[in-house]
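Chemist: Pasting in a structure now, in structure tokens, and then I'll have a few things to ask.
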Amino acid sequence: MKKFIQSRKFDFLLIILLGIALVCAGYFAYQVRVLPMKYRIAVIAITAIVFLILLALTFKRFQIKGTWIRRVIVILITIIYGFVSLYAYKGNHTIRSITDPSKDKYITISVLAKADSDINELKDLEDATVGFQNSTDEDNAKYAKKEINASVANVTYTDQSNYTDLGNSLLNDEIDALIITKSSISTVEDHIEGFTSNTKEIATFQRKVQQTASKNSGKDLTKEPFTILLSGIDTSDTGEASQRSDVNMILIVNPITNHMEMVSFPRDSYIPNLALGGINDKLTHLGNHGVENIMDSIAAISGFEIDFYVQVNFTSVVEIVDAMGGVEVDVAMDFTEQNSQRSFEDGDLIVLKKGLQTLNGEQALAYARNRHDQPEGDVGRTRAQQDIIKAMISKLTTAQGVTAVPSLMETATKYIETDMSYEQLSDFVNYEIEHLEPWTFGSTSLDSGKNDNIPIPYAGGSMPLSVYILSLTDMEMLYYRYQMIINPTNFKDFSFDLEDLYGQLPPYQRPATGMFVGDDFSSEKGGGDYDTDYDEPAYVPPVEEPTVPETPVDNDTDNGSSGGDTGTGSGSTGGSDTPGSNPGDGTNPPSGGETPSEPGTSDPSTDPSAPSTGQ
């Protein structure tokens with residue numbers, strides 16, 4: 001071995017290993033679509049030059065000291081390019097993984113029996129009566145019955161219209177077992193206290209569902225504004241197509257003006273569920289019918305289309321934040337919350353005090369989950385979630401955040417998926433790398449509504465559930481905010497009317513069925529007609545205007561805004577953490593607390609027949 005190391009053969013072995021590392025680095029660098037082409041070509045050119053220089057030096061004879069210096073250089077460069085190859089491959093693999101449209105999606109169907117019954121497995125269902133739901137989950141019930149019949153004979157089936165009635169039938173010994181989608185069990189628990197502890201699972205089936213391609217797969221994310229539903233699920237299984245969404249945030253992104261707006265819908269928002277024909281339901285329940293149902297239902301009440309979704313396992317916050325070394329957050333209140341494993345043991349509880357502090361992963365997740373200690377309940381929780389996301393974005397721009405990127409890539413493949421195409425996502429990142437410009441961020445809060453307790457008609461039972469009634473004013477402001485972000489006003493075209501500030505924008509169309517503060521919910525049993533096909537005007541990119549020096553503003557002068565804030569922040573209804581955005585870029589709506597009357601809406605103060613917004 002000693003003779004081999006001292007021989008020229010060892011030098012040629014090193015140069016061969018270097019060549020392999022350089023070829024891999026060049027190949028994977030070229031494959032990484034997120035890097036602009038000029039950078040990929042530069043990497044390949046530098047790689048070729050380095051190899052040729054070191055290859056030439058291999059044939060040159062040096063003294064022992066010079067030979068070992070050359071060998072050390074070759075070994076170090078081989079290691080460096082080895083890591084370049086690894087991370088280039090990981091980056092490309094991560095984007096392909098989270099955008100992979102061929103991933104299996106399925107719905108898990110459970111068969112439940114009473115906890116104290118003698119039925120413990122499928123074979124025990126012979127001569128038994130099994131209940132199933134005959135309305136919204138008919139396809140899942142058919143699949144489960146087929147699987148049961150393949151294993152057991154002489155099973156009698158009985159149907160009912162909702163899972164709550166079926167749950168009561170099971171507990172009252174009217175049926176022996178119950179077919180139910182796993183995501184619906186928690187909904188039944190909302191109506192029947194102790195349902196989970198009084199039942200047991202004797203079998204599960206997984207029904208594969210077809211993945212649907214995004215209808216916006218051809219949209220150019222480098223030139224057109226777009227919207228994303230950020231759906232946070234609180235389970236570890238992103239393959240499950242039917243599950244509650246505990247975080248529902250809309251991101252409105254304009255890549256031309258470099259602005260992103262975050263809009264958080266409270267988890268318990270009372271909105272029409274399009275999968276059930278428009279019957280009002282808690283927003284968190286909409287995910288039981290797929291993430292696309294959440295997108296369509298929110299779009300129906302917002303007045304604008306939701307282009308894409310990004311679904312995230314929210315428990316991944318623990319891994320992400322820990323990989324970053326923690327995030328700095330101003331905690332709004334003292335609170336105690338269970339940990340990521342939902343444990344209430346004394347050693348597992350997360351206890352935090354109010355104030356600015358660095359949170360680890362468990363603490364960040366606990367703050368994002370906590371609702372009961374929030375002074376504003378569900379609305380306060382949505383603000384906490386926004387604060388966590390902003391802190392994570394901010395941390396990514398630091399040196400410590402950059403070093404965490406390899407770990408974050410591993411986490412992303414496990415916990416994140418989207419219906420954006422590989423080409424769309426990689427081209428967007430490519431464009432942003434090539435055009436490094438600062439972004440502004442804003443947040444719009446839907447916080448003018450109120451909490452209430454209302455029965456959910458389709459679920460059966462009469463026990464009222466805690467819901468959040470949205471405000472018509474908030475939804476109007478969200479709609480106008482969206483219009484201003486996607487179509488910013490040019491200076492030369494700018495004009496406004498103090499009597500009709502939003503007159504140049506398309507009016508907000510109020511949904512057909514009551515869902516706002518002040519509406520009458522006493523007879524809310526059926527749905528309305530909701531249109532999810534929006535005939536929006538084609539996007540016209542803003543014309544670049546020459547830079548004009550800002551004119552000093554006299555704070556005592558009435559500028560037509562009742563709020564008095566004339567030039568800082570993002571102009572969102574919930575405030576912005578990025579001051580200094582250009583007041584002329586069209587992204588700042590008036591900051592007043594009232595929304596002017598528009599066609600399609602009514603002013604309760606002047607129209608006694610209009611429903612009150614309750615503000």
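The values are calculated or read from the model by the stated rules, or taken from the named source; none is laboratory data. Not measured: the values here are computed from a predicted model. Counting neighbours? That spans all protein chains shown, and the Cβs are built from the backbone with ideal geometry, glycine included. Accessible surface is based on the protein model in full, side chains and every heavy atom, while ligands, DNA and RNA are left aside. Shrake-Rupley method; radii C 1.70, N 1.55, O 1.52, S 1.80 Å.
Chemist: I'm told Asn120 meets every condition in (1) under 31 Å from the mean Cα position of the chain (by Cα); (2) open to solvent by 50 Å² or more (accessible area, probe 1.4 Å); (3) in contact (Cβ under 8 Å) with a residue 60 or more places away in the chain except one. Can you identify the failing condition by its number?
Modeler: Result: Asn120 fails condition (1) only.
Chemist: In addition: Output the residues belonging to the stretch 392-411 that are among the aliphatic types (A, V, I, L, M) and either crowded, with 21+ Cβ neighbours inside 10 Å or outside any helix (DSSP H, G or I) (or both). Full working, then the answer.
Modeler: Start the filter on the stretch 392-411 by keeping residues that are among the aliphatic types (A, V, I, L, M), which leaves 392-393, 396, 399, 402, 404-405, 408-409.
Of everything in the stretch 392-411, just one residue is among the aliphatic types (A, V, I, L, M) and either crowded, with 21+ Cβ neighbours inside 10 Å or outside any helix (DSSP H, G or I) (or both), namely Ala404.
Chemist: For the condition open to solvent by 30 Å² or more (accessible area, probe 1.4 Å), part of a strand (DSSP E or B) and at pLDDT below 90, what is the one hit in Phe344, Phe441?
Modeler: Numbers: Phe344 fails: part of a strand (DSSP E or B).
The match here is Phe441.
Chemist: A follow-up question, please. In the stretch 280-292, what residues are open to solvent by 10 Å² or more (accessible area, probe 1.4 Å) and in a helix (DSSP H, G or I)?
Modeler: We begin by selecting, within the stretch 280-292, every residue open to solvent by 10 Å² or more (accessible area, probe 1.4 Å); these are 282, 288-289, 291-292.
Asn288, His289, Val291, Glu292 - these are the residues of the stretch 280-292 that are open to solvent by 10 Å² or more (accessible area, probe 1.4 Å) and in a helix (DSSP H, G or I).
Chemist: Quick check on the stretch 193-211: of everything there that is among the hydrophobic types (A, V, I, L, M, F, W, C) and in contact with a Phe, Trp or Tyr (Cβ under 7 Å, 6 or more places away or on another chain), which residue is surrounded by the most Cβ atoms within 10 Å (Cβ to Cβ)?
Modeler: As a first pass, look at the stretch 193-211 and keep what is among the hydrophobic types (A, V, I, L, M, F, W, C): 195, 202-203, 205, 209.
From the residues that got through so far, the ones that are in contact with a Phe, Trp or Tyr (Cβ under 7 Å, 6 or more places away or on another chain) too are 205, 209.
Numbers: Phe205: 17, Val209: 15.
Filtering the stretch 193-211 for residues that are among the hydrophobic types (A, V, I, L, M, F, W, C) and in contact with a Phe, Trp or Tyr (Cβ under 7 Å, 6 or more places away or on another chain), the one surrounded by the most Cβ atoms within 10 Å (Cβ to Cβ) comes out as Phe205.
The rows are residues; the columns are (1) assigned to a strand (DSSP E or B); (2) open to solvent by 40 Å² or more (accessible area, probe 1.4 Å).
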site: Ala213; (1), (2): no, yes
site: Ile228; (1), (2): yes, no
site: Gln243; (1), (2): no, no
site: Met260; (1), (2): yes, no
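Chemist: Taking into account only those residues within the stretch 139-157 that are touching a strand residue (DSSP E or B) at 6+ places or on another chain (Cβ under 8 Å) and not in a helix (DSSP H, G or I), which is farthest from Ser169 (Cα to Cα)?
Modeler: Keep residues of the stretch 139-157 that are touching a strand residue (DSSP E or B) at 6+ places or on another chain (Cβ under 8 Å), which gives 139-141, 143-145, 147-148, 155-157.
Still in the list and also not in a helix (DSSP H, G or I): 155-157.
Details: Val155: 17, Thr156: 15, Tyr157: 13 Å.
Taking the candidates together, the pick is Val155.
Chemist: Let me ask something additional. Residues Asp100, Asp127: which one is closer than 30 Å to Ala144 by Cα and surrounded by fewer than 13 Cβ atoms within 10 Å (Cβ to Cβ)? It would help to see each step written out before you state the result.
Modeler: Values: Asp100 fails: surrounded by fewer than 13 Cβ atoms within 10 Å (Cβ to Cβ).
None of the other options fit; the residue is Asp127.
Chemist: Does the stretch 170-180 include one or more residues that are of a type in the set (A, V, I, L, M), part of a loop (DSSP other than H, G, I, E, B) and either open to solvent by less than 50 Å² (accessible area, probe 1.4 Å) or farther than 22 Å from Asn453 by Cα (or both)? Give the steps one after another, and end with the answer.
Modeler: The first filter runs over the stretch 170-180 and keeps only residues of a type in the set (A, V, I, L, M), leaving 170-171, 175, 177-180.
So of that shortlist, the ones also part of a loop (DSSP other than H, G, I, E, B) come out as 175.
Restricting the remaining residues to those that are either open to solvent by less than 50 Å² (accessible area, probe 1.4 Å) or farther than 22 Å from Asn453 by Cα (or both) gives 175.
Yes.
Chemist: Just checking, how many residues over the stretch 293-317 are touching a Ser or Thr at 6+ places or on another chain (Cβ under 9 Å), modelled with pLDDT of 90 or more and open to solvent by 20 Å² or more (accessible area, probe 1.4 Å)?
Modeler: 3
Chemist: For the subset of the stretch 245-258 comprising residues that are outside any strand (DSSP E or B) and open to solvent by less than 30 Å² (accessible area, probe 1.4 Å), which member is modelled with the lowest pLDDT?
Modeler: Restricting attention to the stretch 245-258, the residues satisfying the condition of being outside any strand (DSSP E or B) are 245-246, 255-258.
Applying the additional criterion that residues be open to solvent by less than 30 Å² (accessible area, probe 1.4 Å) yields 245, 255, 258.
Numbers: Ser245: 87, Pro255: 92, Asn258: 91.
Restricting to residues being outside any strand (DSSP E or B) and open to solvent by less than 30 Å² (accessible area, probe 1.4 Å), the top hit is Ser245.
Chemist: Given the structure, is Leu52 over 30 Å from Tyr431 (Cα atoms), open to solvent by 30 Å² or more (accessible area, probe 1.4 Å), in contact with a helix residue (DSSP H, G or I) (Cβ under 6 Å, 6 or more places away or on another chain) and in a helix (DSSP H, G or I)? Write out each step before concluding.
Modeler: Details: over 30 Å from Tyr431 (Cα atoms): yes; open to solvent by 30 Å² or more (accessible area, probe 1.4 Å): yes; in contact with a helix residue (DSSP H, G or I) (Cβ under 6 Å, 6 or more places away or on another chain): no; in a helix (DSSP H, G or I): yes.
So Leu52 does not fit the description; no.
Chemist: So which of Glu362, Glu328 is assigned to a helix (DSSP H, G or I), touching a residue at least 24 places away in the same chain (Cβ under 8 Å) and either open to solvent by 30 Å² or more (accessible area, probe 1.4 Å) or in the same structural domain as Val263 (by the TED database) (or both)?
Modeler: Just a single option satisfies the conditions, and that option is Glu362.
Chemist: Would a scan of the stretch 177-185 turn up a residue that is in the same structural domain as Tyr468 (by the TED database) and within 26 Å of Pro101 (Cβ to Cβ)?
Modeler: Of the stretch 177-185, the ones in the same structural domain as Tyr468 (by the TED database) are none.
Within the stretch 177-185, none of the residues are in the same structural domain as Tyr468 (by the TED database) and within 26 Å of Pro101 (Cβ to Cβ).
Chemist: Considering each of Asp452, Asp387, Asp427 in turn, give the residue that is among the charged types (D, E, K, R) and buried (at least 19 other Cβ atoms within 10 Å of the Cβ). Give the derivation first.
Modeler: Details: Asp452 fails: buried (at least 19 other Cβ atoms within 10 Å of the Cβ); Asp427 fails: buried (at least 19 other Cβ atoms within 10 Å of the Cβ).
Unique residue meeting the criteria: Asp387.
Chemist: Residue check, Asp190 against (1) open to solvent by less than 60 Å² (accessible area, probe 1.4 Å); (2) within 24 Å of Lys142 (Cβ to Cβ); (3) assigned to a helix (DSSP H, G or I), all met but one. Which one?
Modeler: The single condition Asp190 does not satisfy is (2).
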